[in-house]
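Okay, so here's the structure we're looking at.
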């Protein structure tokens, strides 16, 4: 009798489907819907989840009749086998790994943000040599795509200090909206704010708040799904408030030329690059460039190498910089 009971317990219950991620993590529950490239899955442990269909697959539960048929191996053999981990009874306690694993955390964040996708990432460094230096960076990104529109929202905080004196203290917020007029033409709007509380200009403290609005249009070259290239022109409006002696609010309009590249490389690696040139007749031309090399370690964890450079920003007071940074992120 005990062997028969073991056979019944080892078999999956009728109506319990399995959501399997590409990295092997599995969640038990019920498939609600699968439309528009999204899987809506009601899990037993984490509630309702929304995941991209490209990153997971659902295995339907066996019919109740199939579970009623006796198993082919002898009952003694089945009884000796361990119950699979994913078929735990609901009254068994949830382990710490099941509660805080990257897959579980990502599932909860995806449920909270719904159709929005994004990344939470950080970078930190501590150096002790001739001086004590520490640096850290924290970022959050949200993005969503429609048939002809794409929206991105980003935030970043950079802080560094040397011998307990702040050398970098920057809060930056920026967004991006792009609308495609067919396969080639597009228009975009990019608002940016930068609050630097540890800036120096020609040796003088120069804390500033920079607001930039970029409105432009461009052309997308004929490309394949894994390769995209765009060029265009924009009108920029810079508004700056700073604390330098004799300075206040400065507003300036500048035209810019930009180019963007996106590449999907082997081994789940992507490359994104954007460069902007600000031609100016009364001062040196300004330019900036950003390159992101991103590598997905699993469906939920990633790492990226970023290089940023800015020279002669047209607002006239914002700090120039060159940054090379390694970040680790949680994708959702």
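Since every read-out is calculated from the coordinates, none of them should be taken as a lab result. Keep in mind it's a predicted model, so treat the numbers as computed, not measured. Positions of Cβ are generated from backbone atoms using ideal geometry, with glycine treated the same way; all protein chains shown enter the neighbour counts.
Structure data summary
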read-out: Modelled FRET efficiency - R0 45 Å, residue 117 with residue 233, Cβ distances, 0.05 increments; value: 0.95
read-out: 5 Å-binned pair-distance histogram of segment 196-276 (Cα, whole percent); value: 3, 12, 15, 14, 12, 12, 11, 9, 7, 3, 1
read-out: Normalised contact order of segment 116-331, rounded percent, pairs of Cα under 8 Å and 6 or more residues apart; value: 13 percent
read-out: Euclidean distance between Cα centres, segment 195-264 to segment 267-300, Å; value: 12 Å
read-out: Tensor-based shape of segment 137-292 (alpha-carbon gyration tensor, a/c under 1.5 rounded, otherwise prolate or oblate); value: prolate
read-out: Extension gain, residue 131 back to residue 277 (0.36 nm per residue minus Cα-Cα distance, nm); value: 48.9 nm
